[in-house]
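See structure below.
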Amino acid sequence: MTTNIAGIISVVFFYVIILVVGIWAGRKKKTPGSDLEESEEVMLAGRNIGMFVGIFTMTATWVGGGYINGTAEAIYSNGIIWCQAPFGYAMSLVIGGLFFANKMREEGYVTMLDPFQDLFGSRMGGLLFIPALCGEVFWSAAILAALGATVSVIIDLDNNTSIIASACIALFYTLFGGLYSVAYTDVIQLFCIFVGLWLCIPFSITNSAVGSLALKDTDWIGSLNGRELGQYLDYGLLLVLGGIPWQVYFQRVLSSKSAFRAQLLSYVAAFGCIIMAIPPMIIGAVAKATAWNETAFPGPLPLDEAHTSLVLPMVLQYLTPAAVSFVGLGAVSAAVMSSSDSSILSAASMFARNIYKLIIRQNASEREIIWVMRAAIICVGILATAMALTVKSIYGLWYLSSDLVYVMLFPQLVCVVYFKKFCNTYGSLTAYITGFLLRSLGGEEIVGLPALIKYPFYDEERGEQLFPFRTLSMLLSLATLMTVSSVSKYLFESGHIPPQLDVFHCVVNIPEDILKVQEPQEGEMSVLNAHLAKTYQSEMNGRVNPALTLSSDEADLSDAPPKEFPPPYTRNAPSQNTTNF
């Protein structure tokens, strides 16, 4: 196999541009006025993302290598009816902006896990970190693996070389620039995706091997029979609702200058997702209309499963001139890097703040958190790269982790945003276990997980669940959280269960020191020094929400039980439930 030198030069040129922009953007960081500002500078770009850059980086939340490759594959394999990702992710941005972006940004949280730990405690937040981390890491690994396959098709470069090179570039500028670098490189990357793919379309359509795209000649619409309706709805809701509880999305929401702007960016990015899906949709239809035996394609005909996932790079390679295909390869590389850097930064931010800071070492300084986050960026990047190089069923792992995000995290997110008064750690932990078991026992053929629970309409021949069991599992998880929380609250408050058995300290057995910010105690659940008790910055009328800054000096705690006071939402001081599980 002869390596295409011209193709390598074009890819290297593109990578140099991305690297230069990433380093330049990283230097835009303001000089922090104090150590307390440094983590938000890196994690959230100082909450100062502009409208133009914000639109691009919010759109890049979902528009990645898997997005454009998967869209083309879906059109080729099953038609536009089954191409749900572009429309599902666009709707997830709309719903996220409508119901979650405003509330999360108003509270001034730093990561998606902050409200979970405020309500359920740091350790429960650590458990919820697991599916969130898996989703980000598996997603990064999947798109890096897709890039390796794409590069090998177009320029005959070794898979491993392209994966490692792309990961190193993304890691380098993310490591030193944080969200500034990720956001500004997203602008360049999305521009390259759009221009690169549209440039390839006229050349591919006019290739002599491509037949008519008319519906009577090429069925790129697809079909849906009644028996598959449940599965179809399940996948659709998974994309729409399961696309919300991701740190990679909320990192953009929380980096916005205001709650209104966070909503606006979500709506505009939803439109951007649809626009960015049009070129790969057309390319998928072109691939379906192509007589591949009339091209230089050496593989099996009809295309096997391994090649249907590569129809986009195959169209670029075999239906366009070499120079055009190199531009298209740059577009694919841009898509991969725009997603991988975001996921790596998101996972590292959650670990540094919600695991290291709130569980492992509460007294850590902001500068220490930054260095922990940088170490986490390297570790997450290495893990994703290693998986891309060695694990064959990465997409299967990502599908499964996406299901877990939908089943386990979405119900909890709904509760911490809208039903705080009706939820506690007992309900959260029970719902967490329930959601995990129901989804796992439903099986996943891609990763060899057998279906121990066979829901109605189970297809024995194909081993598929045709019933919308993911959505059922999510609803049961939500119902479990609310029910167990209400029952446990009633049993403790009515005296049916002694207060000392409130082992998670979230209903009646709330230690007095949790409410005494001025008197820190030793141990994991201690409250930090008073100068570290900086509140989340609420955007309500441009001021700190006074309801969120109730101090122990201002409150008379002797006349009312602790549970009747709102928790002091502090950046470093745990709230009243911090002694929870």
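Observations, loosely collected:
- Selection of helices (runs of 4 or more DSSP H) fully inside region 303-375 by the criterion of at least 2 residues being outside the structural domain of G64 (by TED's automatic domain parsing) and more than 24 Å from N207 (Cβ to Cβ) returns nothing.
- For region 476-502, the tally of residues that are of a type outside the set (F, W, Y) and without any contact (Cβ under 8 Å) to a residue 40 or more places away in the chain stands at 13.
- In summary, N69 fulfils each of the numbered conditions (1) in contact with an Asp or Glu (Cβ under 7 Å, 6 or more places away or on another chain); (2) under 22 Å from L312 (Cα atoms) with the single exception of condition (1).
- Of the numbered criteria (1) surrounded by 24 or more Cβ atoms within 10 Å (Cβ to Cβ); (2) modelled with pLDDT of 85 or more; (3) under 30 Å from I278 (Cβ atoms), the one S77 fails is (1).
- The residues of region 470-499 that are part of a helix (DSSP H, G or I) and among the small types (G, A, S), listed by number, are S473, S477, A479, S485, S486, S488.
- For region 126-135, the count of residues that are closer than 20 Å to S333 by Cβ, touching a Ser or Thr at 6+ places or on another chain (Cβ under 6 Å), part of a helix (DSSP H, G or I) and at pLDDT below 90 is zero.
- Residue match in region 215-229 (condition: surrounded by fewer than 20 Cβ atoms within 10 Å (Cβ to Cβ), in contact with a strand residue (DSSP E or B) (Cβ under 9 Å, 6 or more places away or on another chain) and not in a helix (DSSP H, G or I)): no
- Here L501 qualifies as hydrophobic (A, V, I, L, M, F, W, C) and surrounded by fewer than 16 Cβ atoms within 10 Å (Cβ to Cβ).
- Annotation note: of I283, I278, the sole residue that is in a helix (DSSP H, G or I), of a type in the set (A, V, I, L, M, F, W, C) and free of Cβ contacts under 8 Å to residues at least 24 places away in the same chain is I278.
- Qualifying residues in region 434-469 (those that are among the small types (G, A, S) and assigned to a loop (DSSP other than H, G, I, E, B)) - the one surrounded by the fewest Cβ atoms within 10 Å (Cβ to Cβ): G448
- In the condition set (1) of a type outside the set (F, W, Y); (2) touching a residue at least 24 places away in the same chain (Cβ under 8 Å); (3) surrounded by fewer than 17 Cβ atoms within 10 Å (Cβ to Cβ), L301 is compliant with all but (2).
- G177 assigned to a helix (DSSP H, G or I) and at pLDDT 90 or above: no
- Of all the residues in region 470-490, those that are over 11 Å from L438 (Cα atoms) and either among the polar types (S, T, N, Q) or buried (at least 17 other Cβ atoms within 10 Å of the Cβ) (or both) number 10.
The values are calculated or read from the model by the stated rules, or taken from the named source; none is laboratory data. Note that the structure is a prediction, hence the values are computed from the model and not measured. Here the Cβ is made from the backbone with ideal geometry for all residues, glycine too, and neighbour counts use every protein chain on show.
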